Amino acid sequence: MSRPATVHVCSACGHVAAKWHGQCPACEEWNTLVEERAPAARARAGGGPSRRGAVAAAGRPVALREVRAERSPRLLTGIGELDRALGGGLVPGSLVLLGGSPGIGKSTLTNMALGHLAGAGRRTLYVSGEESAAQIRLRAERLGPDALEVPVLAETDLDTVLATLEAEAPEACVIDSVQTLGSAALESAPGTVGQVREVAARITEVAKRRGIAVLLVGHVTKDGALAGPRVLEHLVDCVLQFEGERERTYRTLRALKNRFGATNDCGVFEMREGGLVEVLDASARFVGEATRAPGSVVLAAMEGSRPLLVEVQALVSPSELVPPRRVCTGIDRNRLALVLAVLARHAGVATGSADVFVNVVGGVRVDEPGADLAVALAVASAARGVATQPSPLAAFGELGLTGELRSVAHPDRRLAEAAKFGLREALSPETAPTLRAALRQALGGGAQRAARAA
Ligand code: TYD
Ligand code: MG
């Protein structure tokens, strides 16, 4: 049996080797060789570039105003937040990558989206390399009658999937997940960089040619590791990230890249018995649930162009460990380290011998510098054991390394959102020039002294 030829290409220097090496023979980098189909094999399969060495005819550049651009109507998934993140629905012939950690609800979301489309009379296809058709049916039963209308194909062989796409020509298709499909032409296992790239490239080719809107599901582990989705980001038209803690009810969906719309808009979902439900009044819920206890502050965050109020909680307790624990969920660890350093150095709140826990309630993740002030206030309030005045208190602002508060984007919209939910006295760089001044306003003069004694 003759195997289709593959080569190993160094992703650092481009060196092409016949065999796989741990170290690139040319540039001596480690683990950079990625298996790819040899150019000849690729050309035979139809998708590859013209063979090297052949004399090619020149192309004819066209003025942009003469280029024909058809605007095909978008496919509405019926899930408002998903359509918003996509910039108004799925674009025919486009590729969307939906990334998220296992168990977050990617299969649920995509199955619901296809269900709505099928219910609206669209041709759909759900390809799963992860679950059997029976498992998918059990999930779909929870999602309502429309979800059961979706045709499924439980398959891991790329060529079979491509042939099915050609034969069925669905308008919208989900591939769950891109890491489980593999081409027999490559020797490496499904999920490796070479395979994931090959899968995406060949599906793109069919999708563009047949006008199929494809949603590629991709797993991302906590640290963004696992060969796969990251290498696809430049190949696809749109990258959506589904985030949250698996054990919690709230999840956020945001667009990290979108060729057809704005990025960084964020939708909030809740996982319920009957699937994912959009949370349209997220701010109201988070403020209503805020504890008003020491260590609790409401952060007026911006999620893209949308303001969102979330509760930040902190706990500071004497530690037995050296170094003490720094545990946070929903914010960046390095950002917490910076906030603690500025608190100690410029505001007299030292936590060097205490464990510090910081948590954004509800499993929401905030990745913006505007969160600094709320985190600092929550930690200081917890260290002192005194609730903020008033409580709940809304806050936002970035911390500078010299203890100053720095302006962040859209202060007016953050303030308006806070006022809408009854938090009239928000702390911000506009009301306090430094962290020390902010602490004095929120916790009174004794904050630093008490914290030092703790
Ligand atoms: P799933 O969509 O399978 O996650 P992913 O594809 O990202 O790995 O769903 C994840 C969890 O959601 C699963 O543990 C069960 C739960 N779930 C509900 O709570 N309600 C529901 O209606 C469904 C379908 C799932
Ligand atoms: Mg899944």
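Here are Leu125, Leu114, Leu86, Leu109: which of them is modelled with pLDDT under 95 and on the phi < 0 side of the Ramachandran plot?
So the residue among Leu125, Leu114, Leu86, Leu109 that is modelled with pLDDT under 95 and on the phi < 0 side of the Ramachandran plot is Leu86.
Go through the range 306-329 residue by residue and tally those that are under 30 Å from Arg84 (Cα atoms), without any contact (Cβ under 8 Å) to a residue 60 or more places away in the chain and not β-branched (Val, Ile, Thr).
Count: 2.
Against the definition (at pLDDT 95 or above, farther than 25 Å from Arg440 by Cβ and in contact with a helix residue (DSSP H, G or I) (Cβ under 9 Å, 6 or more places away or on another chain)), how does Arg306 come out, yes or no?
In short, no.
All but one of (1) in contact with a Ser or Thr (Cβ under 8 Å, 6 or more places away or on another chain); (2) closer than 23 Å to Glu289 by Cα hold for Glu398; which doesn't?
All conditions are met except number (2).
Would you check which residues across the range 400-433 are part of a strand (DSSP E or B), in contact with a Pro (Cβ under 8 Å, 6 or more places away or on another chain) and crowded, with 18+ Cβ neighbours inside 10 Å and list them?
Glu404, Leu405, listed by residue number.
Name the residue that is farthest from Gly274 (Cα to Cα), counting only residues in the range 179-191 that are surrounded by fewer than 18 Cβ atoms within 10 Å (Cβ to Cβ) and touching a residue at least 24 places away in the same chain (Cβ under 8 Å).
Taking the candidates together, the pick is Glu187.
Counting only residues that are assigned to a loop (DSSP other than H, G, I, E, B), surrounded by fewer than 17 Cβ atoms within 10 Å (Cβ to Cβ) and either modelled with pLDDT of 95 or more or within 16 Å of ligand 2 (Cβ to nearest atom) (or both), how many does the range 141-151 have?
1
Which residue is nearest to ligand 1 (Cβ to nearest atom), if the candidates are limited to the range 69-83 and must be aliphatic (A, V, I, L, M), assigned to a loop (DSSP other than H, G, I, E, B) and touching a residue at least 40 places away in the same chain (Cβ under 8 Å)?
Residue satisfying both the conditions and the ranking: Ile79.
Is it fair to say Glu171 is under 19 Å from Leu109 (Cβ atoms), touching a strand residue (DSSP E or B) at 6+ places or on another chain (Cβ under 9 Å) and within 16 Å of ligand 1 (Cβ to nearest atom)?
no
Mind listing whichever residues of the range 274-294 are modelled with pLDDT of 90 or more, assigned to a loop (DSSP other than H, G, I, E, B) and out of contact with any helix residue (DSSP H, G or I) (no Cβ under 7 Å at 6 or more places or on another chain)?
The answer is Ala293, and nothing else.
Being more than 17 Å from Met271 (Cβ to Cβ) and of a type in the set (A, V, I, L, M, F, W, C) is the filter; apply it to the range 89-107 and report the residue that is farthest from ligand 1 (Cβ to nearest atom).
Among them, the one singled out is Val91.
Of all residues being crowded, with 16+ Cβ neighbours inside 10 Å and not β-branched (Val, Ile, Thr) in the range 120-135, which is farthest from ligand 2 (Cβ to nearest atom)? Just the residue, please.
Arg122
Would you confirm, using the coordinates I've provided, whether Glu198 is at pLDDT 95 or above and of a type in the set (D, E, K, R)?
For Glu198, the condition - at pLDDT 95 or above and of a type in the set (D, E, K, R) - is not met.
What residue, of Leu138, Leu109, Leu117, is surrounded by 23 or more Cβ atoms within 10 Å (Cβ to Cβ), free of Cβ contacts under 8 Å to residues at least 60 places away in the same chain and either out of contact with any Phe, Trp or Tyr (no Cβ under 8 Å at 6 or more places or on another chain) or not in a loop (DSSP other than H, G, I, E, B) (or both)?
From the options Leu138, Leu109, Leu117, the qualifying one is Leu117.
For the structure I just gave you, tell me whether Arg248 is within 16 Å of ligand 1 (Cβ to nearest atom) and either touching a Gly at 6+ places or on another chain (Cβ under 7 Å) or at pLDDT below 85 (or both).
In short, yes.
Test Gly224 against the criterion of being crowded, with 24+ Cβ neighbours inside 10 Å, at pLDDT below 90, more than 17 Å from Ala163 (Cβ to Cβ) and under 16 Å from the mean Cα position of the chain (by Cα), and give yes or no.
The answer is no for Gly224.
Return the total of residues in the range 156-178 being small (Gly, Ala, Ser) and crowded, with 22+ Cβ neighbours inside 10 Å.
Final tally of qualifying residues: 2.
Of the residues that sit in the range 269-307 and are within 16 Å of ligand 1 (Cβ to nearest atom) and of a type in the set (Val, Ile, Thr), which one is farthest from Ala383 (Cα to Cα)?
Within the range 269-307, the match that is farthest from Ala383 (Cα to Cα) is Val277.
To keep it simple, each residue is scored yes or no on (1) under 18 Å from Pro307 (Cα atoms); (2) under 31 Å from the mean Cα position of the chain (by Cα).
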site	(1), (2)
Leu405	no, yes
Leu423	yes, yes
Ala432	no, no
Arg436	no, no
Gln441	no, no
Gly444	no, no
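Just to be sure, is Ala40 touching a Cys at 6+ places or on another chain (Cβ under 8 Å), surrounded by 11 or more Cβ atoms within 10 Å (Cβ to Cβ) and either in a helix (DSSP H, G or I) or at pLDDT 75 or above (or both)?
No.
Residues Leu158, Leu86, Leu138, Leu125: which one is more than 30 Å from Glu187 (Cα to Cα) and more than 16 Å from ligand 1 (Cβ to nearest atom)?
It is Leu86.
Just give me the residues in the range 324-341 being assigned to a loop (DSSP other than H, G, I, E, B) and more than 24 Å from the chain's Cα centre (by Cα), in sequence order.
Matches in the range 324-341: Pro324, Arg325.
The values are calculated or read from the model by the stated rules, or taken from the named source; none is laboratory data. Since this is a predicted model, take the numbers as computed values, not measurements. Neighbour counts run over all protein chains shown; Cβ positions are idealised from the backbone, glycine included.
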